[in-house]
1. Filter segment A:83-124 down to the residues that are of a type in the set (S, T, N, Q) and assigned to a strand (DSSP E or B) and list them by number.
2. Restricting attention to segment B:37-77, which residues are of a type in the set (Gly, Ala, Ser) and facing chain A (nearest Cβ under 10 Å)?
3. So the check is Cβ under 6 Å with 6+ separation or different chains; which pairs have a first residue in segment A:56-83 that's of a type in the set (Val, Ile, Thr) and a second one that's assigned to a loop (DSSP other than H, G, I, E, B)?
4. Identify, please: which residue in segment A:168-226 is without any contact (Cβ under 8 Å) to a residue 60 or more places away in the chain and among the basic types (Lys, Arg) and is, among those, surrounded by the most Cβ atoms within 10 Å (Cβ to Cβ)?
5. Can you find, within segment A:32-45, the residue that is farthest from A:Pro232 (Cα to Cα) among those that are surrounded by 19 or more Cβ atoms within 10 Å (Cβ to Cβ) and of a type outside the set (Gly, Ala, Ser)?
6. For segment B:17-29, enumerate the residues that are surrounded by 18 or more Cβ atoms within 10 Å (Cβ to Cβ) and outside any strand (DSSP E or B).
7. Out of (1) at pLDDT 95 or above; (2) within 13 Å of chain B (Cβ to nearest Cβ), the odd one out for A:Gly208 is which?
Amino acid sequence: MAAVPGTVLRLGSPPWMARWLESEPQPLPGMWFADETPQIEVEVPAFRIDRCPVTVAEFAAFADATGYVSDAERAGYGMVYGERFWEERAGACWRTPGGPGTDVDGRADHPVVHMSWSDASAYARWAGKRLPTEAEWELAARGVRYRIWPWGDQWLPGAANTAELHAGRLDALDAWLDWWRDTCRTHGPLPRTTPVGTFSPAGDGVHGCSDMAGNVYEWTASPSRLYADDAPCDPALRRVMGHYRVIRGGSWMNFRYQVRCSERMHGDPGGWSNFALGFRCAAPAPARHESGG
Amino acid sequence: MAKILLPAGWTHGTQTEFDVPDGPLTEVLKGFALAHPAHRRRLLGDDGEPLAYFNVYVDDDPVARADRAAAEIGADSVVVIVPPLAGG
């Protein structure tokens with residue numbers, strides 16, 4: 001695990017980020033990103049965090065040791081993005097991430113997917129860890145200084161597993177849809193995750209954590225809340241504040257703008273998961289041994 | 001008239017709030033999708049029935065999947081549609 005010193009973090013994005021996003025060739029309205037503003041000061045005690053997302057092999061060890069059945073296994077389906085949109089695909093779960101006929105052979109070192117918030121929390125407890133708060137996650141990703149991506153403010157196309165790694169530069173939704181249809185035809189429903197740490201060290205953050213931009217969306221422990229009660233927010237998104245949990249990091253399905261260190265997504269913690277959703281764990285910093293005398 | 005509120009991430013900078021007739025939730029959603037075909041793929045399945053994956057809030061109260069078939073939308077109600085992964 002990476003050790004991260006405690007600090008006071010200015011969580012979220014400064015005002016110029018919203019203006020920059022509006023000026024960039026990306027398809028989402030500025031309001032959709034408003035939940036990452038205004039910046040607020042958060043005291044973050046020292047902690048440790050996994051350098052990489054939890055892998056298929058690690059989650060398999062947990063399931064084998066405990067008999068744990070994931071929410072998607074119990075429900076009998078998992079969310080997979082089909083040719084048109086998200087669909088509840090029968091039989092999709094972490095063992096069969098694209099549904100029946102798919103498996104995780106050869107993917108032991110890929111991040112585990114189809115993880116609900118409860119699945120992630122159960123694994124973390126078993127491992128003697130916990131999920132990171134969103135402030136811990138953002139601090140681990142970018143350090144105290146604001147950085148757009150873990151490595152800095154310039155996009156590096158080969159430093160993260162996003163849709164743009166597979167499709168080349170994407171600036172518009174139609175281009176994404178073209179890539180997606182092609183991906184469905186040529187790769188089927190298997191998630192296009194990469195082995196954890198593939199982009200290390202170029203894609204790592206200042207604390208040595210890998211895959212914090214893309215690969216899989218990652219659950220945090222934090223309930224979704226606005227940084228200020230009067231902060232602007234999409235009205236529909238405002239409705240889930242207090243109900244959802246914060247998700248960070250973006251995934252292999254996203255544009256470069258959605259894998260920024262301060263980008264927030266929000267997930268239903270009531271058993272839902274999808275084939276791009278995983279997690280990493282955190283833990284308290286080791287206790288300091290005070291010298292006697 | 002009741003209202004339907006969609007997430008901005010679905011509408012890409014266009015209208016997110018729509019007036020709809022009151023009535024059974026299922027019929028309200030189907031009627032809305034018919035009137036606004038751009039949103040149909042996210043709301044209705046191939047069978048023309050409302051998909052179940054998204055969350056529905058009526059006047060701030062979540063409507064569980066099992067309760068949607070019987071849910072009625074009043075004339076002053078606001079129906080909010082939010083996917084299980086929202087934001088960004």
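1. The first filter runs over segment A:83-124 and keeps only residues of a type in the set (S, T, N, Q), leaving A:96, A:102, A:116, A:118, A:121.
None; the set is empty.
2. Taking segment B:37-77 as the starting set, the residues that turn out to be of a type in the set (Gly, Ala, Ser) are B:38, B:45, B:48, B:52, B:64, B:66, B:69-71, B:74-75, B:77.
Of everything in segment B:37-77, those that are of a type in the set (Gly, Ala, Ser) and facing chain A (nearest Cβ under 10 Å) turn out to be B:Gly45, B:Ala52, B:Ala64.
3. Every condition considered, the pairs that remain are A:Val56/A:Val104; A:Val56/A:Arg107; A:Val56/A:Ala108; A:Val56/A:His110; A:Val56/A:Val112; A:Val80/A:Ala92; A:Val80/A:Pro189; A:Val80/A:Phe275.
4. A:Arg225
5. Initially, segment A:32-45 is screened for residues surrounded by 19 or more Cβ atoms within 10 Å (Cβ to Cβ), giving A:32-37, A:44.
Okay, now just the ones that are also of a type outside the set (Gly, Ala, Ser), so A:32-33, A:35-37, A:44.
On the way: A:Trp32: 10, A:Phe33: 10, A:Asp35: 7, A:Glu36: 10, A:Thr37: 8, A:Val44: 25 Å.
Checked segment A:32-45; the qualifying residue farthest from A:Pro232 (Cα to Cα) is A:Val44.
6. So in segment B:17-29, the residues surrounded by 18 or more Cβ atoms within 10 Å (Cβ to Cβ) come out as B:20, B:25, B:28-29.
Answer for segment B:17-29, where residues must be surrounded by 18 or more Cβ atoms within 10 Å (Cβ to Cβ) and outside any strand (DSSP E or B): B:Leu25, B:Val28, B:Leu29.
7. In the conditions (1) at pLDDT 95 or above; (2) within 13 Å of chain B (Cβ to nearest Cβ), A:Gly208 misses (2) alone.
To keep it simple, each residue is scored yes or no on (1) within 10 Å of another protein chain (Cβ to nearest Cβ); (2) surrounded by fewer than 24 Cβ atoms within 10 Å (Cβ to Cβ).
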residue	(1), (2)
A:Ala228	no, yes
A:Val240	yes, yes
A:Arg248	yes, no
A:Arg256	no, no
A:Val259	yes, no
A:His266	yes, no
A:Phe275	no, no
A:Phe279	no, no
A:Arg288	no, yes
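The values are calculated or read from the model by the stated rules, or taken from the named source; none is laboratory data. Owing to the predicted nature of the structure, the values given are computational and were not obtained by experimental measurement. Using ideal geometry, Cβ is built from the backbone for each residue, glycine included, and neighbour counts are taken over all protein chains shown.
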